[in-house]
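Undergrad: The structure under discussion is supplied below as structure tokens; questions concerning it will follow.
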Amino acid sequence: MHKKKVVVVGAGITGLTVAYRLSKHEEEFEIVVFETDKQIGGKLKTSDFAGFLLDEGADAFLARTPWAVELFDEIGVSKEFVSPRARSASIWTNGSLIPLPSPNILGIPLYPDSKSSELLSTGDVQKIEQGGRPENAIENETDISIGSLVRNCVGDSVFELFVDPLLGGINAGNADAMSCETMAPQLLESARHKDGLVAALRETYEKSDPESPVFYSHPKGVGHIVERLAENVNGSIRKTESVLSIERFNEQWLVKTPDGSELADVVVVSTSAQDAANLFFSVSPSISTRLSEIEHASVSLVSFAYKASDITIPENESGFLVPRSSGLLMTACSFSGNKWTHLDDASLKLIRVSTGRIDDQRHEMLDDEELVGRLMDDLKTTLGINNHPLEFRINRWPKALAQFKVGHLQKMEDTISQLAVETPGIFISGSYHFGVGIPASIRSGNEAAAAVIEQFGKN
């Protein structure tokens, strides 16, 4: 039987998922993966820092969604996972760190009796007490912004103090414009509960095991997980080889690289939306336009290593969030040693500071020295750190995080349907599809691989 030649463009977590799924059908598909970078993983990278293996981007993934857990079970790496030991966090507001509501779901307090309730308006506390019934009906809404939904059900102060810093921080976005269907479908479903949003979330919480992990990671970093996945791909992974263009060639596709061309029956583009848009420009200008319209935010992450005796950080907390109203450059701060046992050290404290939002790109205007200086000023303001770090590392991620506007998932479905008609044999997948994070990226890879198998596998 003649094997179908499949070219996967991009060796991030999504592209590797596609390649892995298809390599389970090795009698049907020959797989080649092209990766521009000298290493695989995309934004999931781990490197040596201050004597530790520290992630340069995401340092964990959700444990309570199926796609990542199932994949990592398959490749035998999940038994090595660890979960955060510190599960509480704070919010920087009014010049101090205040604990986030406990318990909460996606920043929404479930009960109005926590210390954080002192920060809320009287009306919003009453809304929580009464179950969070929406003031304006949403039964007929297929999608709505997170801001509209939360403000409608529990008020402005809950949204601005807790929900926007948390959910907006996940993809450096503005939750007032963010698709609820994409980023927080459980909120949309819960808001339709007869007793209200908070009442539904309480039911969910009371049925759950509060001790079950929310996040997982690996002691060697998430980059190690990516490497393990790549080891399970039965195909060729060509690093430092960019795809320049894709062209129709009879019933196949000609994939051009600086080193030559590859003739393929199937092409799966697993890159950023912008890179995908560039590749589609010649084969489908309309799809190229659709993909180019997806906005992305740039972020920077600076890791600091401090002598333990030089700083004091809150015990038993994973870090804190910073609302957009604070005026600070930082958006979040993570205490790595508090969060992960394998990064805990008696003599050294690791801190990761994030900056950048879709509507705040000040960090891009700063050179490295200015960026570090400004964030050290913020650490002085929030934690009282006056000493200089022993070491720091800057990771800039330009246009790294897709923004998911209301109606995003429907637009993606329409785009994929259009692809099937205009460019049969070309598929797309990536972190801009189902939402930000490792599980959503894997889900996108799963679906792209399933579509390839359905159309080009054995009948």
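Every number here is computed from the coordinates shown, using simple stated rules; none is lab data. The model shown is predicted, which means the values in this text are computed figures rather than measured ones. Every residue, glycine as well, gets a Cβ built from its backbone with ideal geometry; the counts of neighbours run over all protein chains shown.
Undergrad: Ordered by packing density, taken as the mean number of other Cβ atoms within 10 Å over each peptide's residues, highest first, how do 217-225, 88-96 rank? Don't jump to the answer; show the numbers that get you there.
TA: Details: 217-225: 21.4, 88-96: 16.3.
Packing order, densest peptide first, comes out as 217-225, 88-96.
Undergrad: Based on Cα coordinates alone, diagonalise the gyration tensor for the chain, multiply each eigenvalue by 5, take square roots, and list the semi-axes in whole Å, largest first.
TA: Values: eigenvalues 289, 148, 81 Å².
For the chain, the ellipsoid semi-axes come out as 38, 27, 20 Å.
Undergrad: Let me ask something else about it. Compute the helix-to-body angle for 222-231: its Cα long axis versus the longest principal axis of the chain, expressed 0 to 90° and rounded to tens.
TA: The angle comes out at about 20 degrees.
Undergrad: Give me the Kirkwood hydrodynamic radius of the range 393-459 in Å, from all C-alpha pairs, to one decimal place?
TA: Details: mean 1/r = 0.0741 Å⁻¹.
After inverting the pairwise mean of 1/r, the radius is 13.5 Å.
Undergrad: Provide the gained length on full extension for the span Asp377 to Ser325, in nm with one decimal, where the gain is 0.36 nm per separating residue minus the Cα-Cα distance.
TA: Numbers: separation 52, 0.36 × 52 = 18.72 nm, distance 1.72 nm.
Net length gain for the segment: 17.0 nm.
Undergrad: Additional query: Using each residue's phi in the range 330-347, evaluate 6.51 cos²θ - 1.76 cosθ + 1.60 at θ = phi - 60° and report the 3J(HN,Hα) Karplus result to the nearest Hz, with x for Gly and Pro.
TA: 5, 10, 6, 9, 10, 9, 4, x, 5, 6, 10, 4, 6, 10, 7, 8, 5, 9
Undergrad: How large is the Rg to Rh ratio of the range 299-350 when both quantities use alpha carbon positions and Rh follows Kirkwood?
TA: On the way: Rg = 12.0 Å, Rh = 12.1 Å.
On the Cα set of the range 299-350, Rg over Rh gives 0.99.
Undergrad: Using a 7 Å offset from the Cα along the Cα-to-Cβ direction at both Arg64 and Glu413, what is the distance between the two label points in nm, to one decimal?
TA: 2.6 nm
Undergrad: How do 33-46, 413-426 rank on mean C-beta neighbours within 10 Å, highest first? Mind showing how you got there, number by number?
TA: Details: 33-46: 20.4, 413-426: 15.2.
With the highest mean Cβ count within 10 Å placed first, the list reads 33-46, 413-426.
Undergrad: Let me ask you something else. Could you pull out the pairs from Lys43/Lys349; Lys24/Lys79; Lys38/Lys220; Lys349/Lys380; Lys239/Lys411; Lys43/Lys411 whose alpha carbons sit more than 27 Å apart here?
TA: Details: Lys43/Lys349 24 Å; Lys24/Lys79 22 Å; Lys38/Lys220 20 Å; Lys349/Lys380 15 Å; Lys239/Lys411 32 Å; Lys43/Lys411 25 Å.
Over 27 Å apart, Cα to Cα: Lys239/Lys411.
Undergrad: Could you compute the FRET efficiency for Glu315 and Glu231, with r as their C-beta to C-beta distance and R0 at 60 Å, rounded to 0.05?
TA: Working: r = 39 Å, r/R0 = 0.65.
The pair Glu315/Glu231 has a calculated efficiency of 0.95.
Undergrad: Note down the nm distance, to one decimal, between modelled labels 7 Å out along Cα→Cβ at Asp176 and at Gln361.
TA: That separation, rounded to one decimal, is 1.9 nm.
Undergrad: Mean residue ellipticity at 222 nm from the helices of the chain, using -39,500 (n - 2.57) per DSSP H segment of n ≥ 4 over the full residue count, to the nearest 500 deg cm²/dmol?
TA: Working: 14 runs with 139 residues, N = 459.
The helix-only estimate for the chain comes to -9000 deg cm²/dmol at 222 nm.
Undergrad: Would you kindly give the portion of the calculated P(r) for the range 88-207 that falls above 24 Å, as a percent of all Cα pairs? Show your work: numbers first, answer last.
TA: On the way: 1252 of 7140 pairs.
So the portion of pairs separated by more than 24 Å is 18 percent.
Undergrad: Right, here's the next one. Separation between the His388 and Asn250 pseudo-spin-labels, each 7 Å from Cα along Cα→Cβ, expressed in nm?
TA: 6.6 nm
Undergrad: If you don't mind, there's one more thing I want to ask. Taking all pairs of different Cα atoms in the range 310-459, averaging 1/r and flipping that mean, what Kirkwood radius in angstroms comes out?
TA: Working: mean 1/r = 0.0529 Å⁻¹.
Kirkwood hydrodynamic radius for the range 310-459: 18.9 Å.
Undergrad: In whole Å, what are the extents of the range 1-115 along the principal axes defined by its C-alpha atoms, from largest to smallest?
TA: Projected onto its principal axes, the Cα set of the range 1-115 covers 67, 34, 26 Å.
Undergrad: How do Leu379, Leu254, Leu409 rank when sorted from fewest to most other Cβ atoms within 10 Å of their own Cβ? If you can, show how the numbers build up before the last one.
TA: Numbers: Leu379 24, Leu254 15, Leu409 18.
The most exposed by this proxy come first: Leu254, Leu409, Leu379.
Undergrad: Another question about this same structure. Relative to the longest principal axis of the chain, what angle (0 to 90°, nearest 10) does the C-alpha long axis of helix 197-207 take?
TA: The helix 197-207 is inclined about 80 degrees to the chain.
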